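The values are calculated or read from the model by the stated rules, or taken from the named source; none is laboratory data. Model, not experiment: these values are computed from the prediction. Counting neighbours? That spans all protein chains shown, and the Cβs are built from the backbone with ideal geometry, glycine included.
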Amino acid sequence: MYKYIFGPVPSRRLGVSLGVDLVTHKTCSLDCVYCECGKTTDLTAIRKEYVPADEVKEELKDYFKKNPKPDFVTFSGSGEPCLNSKIGEVLDFIKSNFDVSVCVLTNGTLFNDPNLRKELLKADLVMPSFDSADEKSFLRINRPCKEITLENYIKGLCDFKKEFKNRFDLEVFILPGFNDSQDDILKLKKAVQQINPDLLLLNSLDRPGAQPGLTAASEAELIKIKKDLDFKNTQIISKSIQRKNIASYREDREEAVYGMIFRRPCTIEDLTEILGLHRNDIGKYLDVLVNQGKVEAEELERGVFYKIKKDN
């Protein structure tokens, strides 16, 4: 059982991905309404060693001694990984000791820091998110900490793209009613052309977000936005893959998750505390149970609860 690494999990974008979580839950520079990790509890742009880099490296050494190599080691998890001031050190350690590709999943809001940009240059893939080039929509959907401005956000993404020699993908999360107006798309189109990623990814809700009552963009809506953006290399991210089709999947853990939910509805946080698994691992088993029709999600005052589906 590891504290800072999780998975591997099957990723819609990365194949088999071993996660590395470099911040405490939920530490981020944004408080996005759609975030599947829930509401940000530590909204900050301050970089520091949120979790010990030496302990992360020890867990990685232990994992690679005992397990086959994943397709990617991915910095992701409970918040914004670039807030950890030792991300460059951990990245250097991985690239120096293991023959594996490294991905950084980030919101990209800190890329105006030249030191951070330098720290990430050894990554094989950096995948920032960017949801709106309109000031009002940006504040409404991403809810940034006070240090983050849209102008510096866009400039940081552009500067990093110019300096980074490996693959740079940009993910845009489309949320109907927040960033899908004609004006939003026109401004987004201009910004995407300015940033010029290798690949533009369009995404929408796949699990309940931090704010109740959100709706996912339909496939037809995403196809129209893809056409309107008219960017040379754009893909729509497909829905969740079958997470049971992976060697690390454990039937006993699925049964443990189901058993807890059978007794009473639980949030991911409840299940994490009770079972001692990382929240992203819990998500893997919940996805299977939801897809099997055994469990359903319900948004309540304290968060998203998973409960036994009524017809079971």
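Which number in (1) under 18 Å from D31 (Cα atoms); (2) in a helix (DSSP H, G or I); (3) of a type in the set (D, E, K, R) marks the one condition that E171 misses? Among (1) under 18 Å from D31 (Cα atoms); (2) in a helix (DSSP H, G or I); (3) of a type in the set (D, E, K, R), E171 violates only (2).
No other residue among S76, S85 is at pLDDT below 95 and among the hydroxyl-bearing types (S, T, Y) apart from S76.
Could you check how many residues of the range 224-253 are at pLDDT 85 or above and assigned to a helix (DSSP H, G or I)?
Total meeting the criteria: 6.
Kindly indicate whether G293 is on the phi > 0 side of the Ramachandran plot, at pLDDT 80 or above and either among the hydrophobic types (A, V, I, L, M, F, W, C) or not assigned by TED's automatic domain parsing to the domain that holds L200 (or both). It is true that G293 is on the phi > 0 side of the Ramachandran plot, at pLDDT 80 or above and either among the hydrophobic types (A, V, I, L, M, F, W, C) or not assigned by TED's automatic domain parsing to the domain that holds L200 (or both). Is it the case, given these coordinates, that L186 is touching a Lys or Arg at 6+ places or on another chain (Cβ under 9 Å), in the same structural domain as F164 (by TED's automatic domain parsing), surrounded by fewer than 18 Cβ atoms within 10 Å (Cβ to Cβ) and not basic (K, R)? No, not satisfied. Being of a type outside the set (S, T, Y) and buried (at least 21 other Cβ atoms within 10 Å of the Cβ) is a property that does not hold for N196. Got at least one residue in the range 141-151 being in contact (Cβ under 8 Å) with a residue 60 or more places away in the chain, surrounded by fewer than 17 Cβ atoms within 10 Å (Cβ to Cβ), within 25 Å of E298 (Cα to Cα) and in the same structural domain as C35 (by TED's automatic domain parsing)? Within the range 141-151, not a single residue is in contact (Cβ under 8 Å) with a residue 60 or more places away in the chain, surrounded by fewer than 17 Cβ atoms within 10 Å (Cβ to Cβ), within 25 Å of E298 (Cα to Cα) and in the same structural domain as C35 (by TED's automatic domain parsing). Counting only helices (runs of 4 or more DSSP H) that fall entirely inside the range 60-149 and contain at least 1 residues that are out of contact with any Ser or Thr (no Cβ under 9 Å at 6 or more places or on another chain) and farther than 30 Å from A216 by Cα, the qualifying elements are 87-97, 114-119. Within the range 10-25, is even one residue in contact (Cβ under 8 Å) with a residue 60 or more places away in the chain, hydrophobic (A, V, I, L, M, F, W, C), out of contact with any helix residue (DSSP H, G or I) (no Cβ under 8 Å at 6 or more places or on another chain) and surrounded by 21 or more Cβ atoms within 10 Å (Cβ to Cβ)? Yes: one or more hits.
Picking from residues in the range 26-43 that are buried (at least 21 other Cβ atoms within 10 Å of the Cβ) and β-branched (V, I, T), the one that is farthest from F178 (Cα to Cα) is T27. Only a single item in (1) within 21 Å of V104 (Cα to Cα); (2) surrounded by fewer than 20 Cβ atoms within 10 Å (Cβ to Cβ) is not met by S181, and it is number (1).
What about L214, is it modelled with pLDDT of 80 or more, outside the structural domain of K189 (by TED's automatic domain parsing) and within 24 Å of the chain's Cα centre (by Cα)? Before you say what the answer is, go through the steps one by one.
Working: modelled with pLDDT of 80 or more: yes; outside the structural domain of K189 (by TED's automatic domain parsing): no; within 24 Å of the chain's Cα centre (by Cα): yes.
It is false that L214 is modelled with pLDDT of 80 or more, outside the structural domain of K189 (by TED's automatic domain parsing) and within 24 Å of the chain's Cα centre (by Cα).
Against the test of being of a type in the set (A, V, I, L, M) and part of a helix (DSSP H, G or I), the options V56, V23, V51 yield a single qualifying residue, V56. For the range 199-234, a tally of residues being touching a residue at least 60 places away in the same chain (Cβ under 8 Å) and over 15 Å from V172 (Cβ atoms) returns 8.
Pairs meeting the criteria (first residue in the range 56-70 and assigned by TED's automatic domain parsing to the domain that holds N84, second residue among the polar types (S, T, N, Q) and loosely packed, with under 13 Cβ neighbours inside 10 Å, beta carbons under 9 Å, at least 6 apart or on different chains) are K57/N97; L60/N97; K61/N97; F64/N97.
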